[in-house]
1. Quick one: with all protein chains in place, what share of the accessible area of segment 143-251 is carbon or sulfur, to the nearest percent (1.4 Å probe)?
2. Compute the distance in nm between two label points, each set 7 Å from the Cα along the Cα-to-Cβ direction, one at GLU131 and one at ASP35.
3. Strictly over 24 Å apart at the Cα level, which of LYS132/LYS262; LYS13/LYS107; LYS124/LYS152; LYS124/LYS262 would you flag in this model?
4. Just the C-alpha atoms of segment 143-251: what Rg/Rh do they give, with Rh taken as the Kirkwood radius?
5. Rounded to the nearest 20 Debye, what is the dipole magnitude of segment 31-128 about its Cα centre when Lys and Arg each give +1 and Asp and Glu each give -1 at the C-beta?
6. To the nearest Å, what is the center-to-center distance of segment 84-162 and segment 196-233, using C-alpha atoms only?
7. Size of the dipole of the chain about the Cα centre, Lys and Arg at +1 and Asp and Glu at -1 on the beta carbon, nothing else charged, in debye to 20?
8. Can you give the FRET efficiency for ARG5 and ASN203, using 1/(1 + (r/R0)^6), R0 = 45 Å, r = Cβ-Cβ distance, to the nearest 0.05?
Amino acid sequence: DDQERQEVWTNIKDALFNDHIDQFRAEFLELHPYDQARIFEGLDKEVRMQIYTYLSPEEVADVMEHIDYDEIEPFFTEMDPTFAAQVFAEMSTDDAVDILNELDKDKVASFLTIMDDDAADEIKDLLHYEEKTAGSIMTTEFVVVKAGMTIKEAMVHLRTEAPDAETIYYTYVINEDKRLVGVISLRDLIISEEEWLISDVMNERVVSVSVGEDQEEVARMVRDYDFLALPVVDFQDHLLGIITVDDIMDVMEEEASDDYSKLAAVSDVDSPDDNAFA
Ligand code: ATP
Ligand code: MG
């Protein structure tokens, strides 16, 4: 409630003022990243710079994912560039790409140079996709297994991949040519016998979207099929990424406000003031 919020806020300010890192971390990290971001936005630059030194890149990444991307530039500009690059590397690739698209090209290039190669390569690949396509909103942190694995092997694999995966509800199945051939839900994995093969349990009729598909169409499919995520493939059915339902909600919001602007523009023209015959 409000009083509790006020108390937390007082403690956080206190900790910052007195340079009490442990107290700050204890109070701040207790909050949901959404609420952390709201606090962050209200602070002066100097205080934010103090906070960057109190938090890990991963912790700052969680906060940044909840800041409005239109307003995020100053935050990354005020960070130490190496730290900023680490923050990007810790973010979901789709979020990192969305934010990098808001920054100027030189700055993006310099972050990518500092970043370690794997993280930079993944982000570079995603930066190439055209705006408002499936490729531009997908993330590359998905779980994939081979059709010939046993359930037991797949579960072991899933356990190692889970910490970094965008979702673990669906595991996608690829064949020897790395083509998408199936999908299996966490529920199905858990209720299957350990020695069964993935190929026996997987759903072979995988609904997927192609990487160039319009994001609005992707949103429609997620809504119609009721999946929590959809796989994104190239023209040869190679799995490139996934789009999760939370990203689709952002798309719907964006498209709705685009449509609204168009509508407003149309009604402007028709308004009596602009009408030459009025
Ligand atoms: P159910 O609703 O059948 O009880 P669930 O709640 O565990 O399953 P859902 O998210 O509802 O999981 O997914 C339903 C089924 O759809 C799962 O069996 C899953 O394997 C399958 N599925 C997930 N993604 C896809 C996809 N892209 N194409 C086809 N099937 C999929
Ligand atoms: Mg279900």
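The values are calculated or read from the model by the stated rules, or taken from the named source; none is laboratory data. Fair warning: this is a prediction, and the values are worked out from it, not measured in the lab. Please note: Cβ atoms are built from the backbone with ideal geometry, for glycine as well, and neighbour counts cover all protein chains shown. All accessible areas refer to the heavy atoms of the entire protein, side chains included, with ligands and DNA or RNA removed. Shrake-Rupley method; radii C 1.70, N 1.55, O 1.52, S 1.80 Å.
1. 49 percent
2. Result: 3.6 nm between the two label points.
3. LYS13/LYS107; LYS124/LYS152; LYS124/LYS262
4. We get a ratio of 0.97 for segment 143-251.
5. 300 debye
6. Segment 84-162 and segment 196-233 have Cα centres separated by 19 Å.
7. Roughly 760 debye, rounded to the nearest 20.
8. Result of the calculation: an efficiency of 0.50.
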